[in-house]
Amino acid sequence: NAGVTQTPKFRVLKTGQSMTLLCAQDMNHEYMYWYRQDPGMGLRLIHYSVGEGTTAKGEVPDGYNVSRLKKQNFLLGLESAAPSQTSVYFCASSPLRGRSNQPQHFGDGTRLSIL
Amino acid sequence: GENVEQHPSTLSVQEGDSAVIKCTYSDSASNYFPWYKQELGKRPQLIIDIRSNVGEKKDQRIAVTLNKTAKHFSLHITETQPEDSAVYFCAAHSGSARQLTFGSGTQLTVLP
C-alpha cells in the first residue's frame, strides 16, 4: 500500500505557465482533497471531491481547477501560474464510513515555486 | 463556515516537561477533532483524534480533551522528548461539509 502519492515532488514555473499536479491513492477512499500550506497559515483547502466525477470549492479555490475522472486520482491544475501560488501543495484522502467523519491521510507534498 | 484558532504559535519546553496546545472552534455542528504532527519537510500525520460524544481520549503520552460547551479542545503531551519537536495542527470537521478546517499550527521545541 503506497497510500497517497503526489507527483511531482518539486517544480519551478514561470509566471503564466500552466501545470497539473497529480494525486493518486490506492486505499479506495471516496473523499479526496487538495490543500496549500503557506508559512504561518496552516493548511487551507483549495478544492475537494466526495466521489468520482464530483468536485467542490474549498476556502481558496481561485486560480485552480480540479478533476476526478477516476476514483483513485485527483488532479489539480494551474492554468496561468502566479507568484502568489508559490506554496507547498498537499493532497489527502479519507474513506466514507456512514455518516462518521474519518481521518485524512496525506501525501508527501509538492513544492511549487512560481518565478 | 468554520473558524479554528490555535494557541500558542510557538512553545518551548524542557525535556520531560508537559506541553499543552489549545484550539477553539466556531461551528457548533463540528463533531470531529483530529490533531496532526508535521516534522520539517514531511507530511502531516494524524497523532490522535476525538469525536464530539467523548470528553477525553488518551494514547500513551498524548491526550486530547474536548469541551463542547465552550467550543475548545486541547492537546496534552506529557514527558516530552526531543523527537516530539515538530509543528502541531489542530482541526475541526463539520459533518455537514465533510471538510477539515485547520488551525495555524504550533511549533513545539523540546529542549534537551
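Every number here is computed from the coordinates shown, using simple stated rules; none is lab data. Since this is a predicted model, take the numbers as computed values, not measurements. Note that we place each Cβ from the backbone using ideal geometry, even for glycine, and neighbour counts take in every protein chain shown.
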| query | Considering chain B as a Gaussian network with a 10 Å cut-off on Cα pairs, which listed residue, B:53, B:67, B:31, attains the greatest mean-square fluctuation? | reply | B:53
| query | With respect to the cross-link table entries A:9/A:70; A:71/B:58; A:70/B:58; A:57/B:68, which display a Cα-Cα separation exceeding 31 Å? | reply | A:71/B:58; A:70/B:58
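Please state the charge dipole magnitude for chain A, taken about the Cα centre, from unit charges on C-beta atoms (+1 on K and R, -1 on D and E), reported in debye and rounded to the nearest 20.
Working: 12 positive and 8 negative charges, 15 e Å.
With only Lys, Arg, Asp and Glu charged at Cβ, the dipole is about 60 debye.
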| query | Which of B:38, B:60, B:99 moves most in a GNM of chain B, Cα contacts under 10 Å? | reply | B:60
| How far apart, in nm, are two points set 7 Å out from the Cα along the Cα-to-Cβ line at residue B:56 and at residue B:71? | 2.5 nm
| Given labels modelled 7 Å from the Cα in the Cβ direction, how far is it in nm from residue A:7 to residue A:26? | 1.3 nm
| Burial ranking of peptide ranges A:28-35, A:60-67 (average Cβ count within 10 Å, highest at the top) | A:28-35, A:60-67
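How big is the Kirkwood radius of the stretch B:9-112, worked out from every pair of different alpha carbons and given in Å to one decimal?
Details: mean 1/r = 0.0720 Å⁻¹.
Mean inverse Cα-Cα distance, inverted, gives 13.9 Å.
Just tell me how shielded B:99-106 is by partners: mean number of partner chain Cβ atoms within 10 Å of each residue's Cβ, no decimals.
Working: counts 9, 11, 6, 8, 2, 4, 6, 0.
What the average comes to for B:99-106 is 6.
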| field | Hydrodynamic radius of chain A per Kirkwood, over alpha carbon pairs, in Å | value | 14.1 Å
| query | With r defined as the distance between the Cβ atoms of residue B:17 and residue A:111 and R0 fixed at 30 Å, what FRET efficiency is calculated, to the nearest 0.05? | reply | 0.30
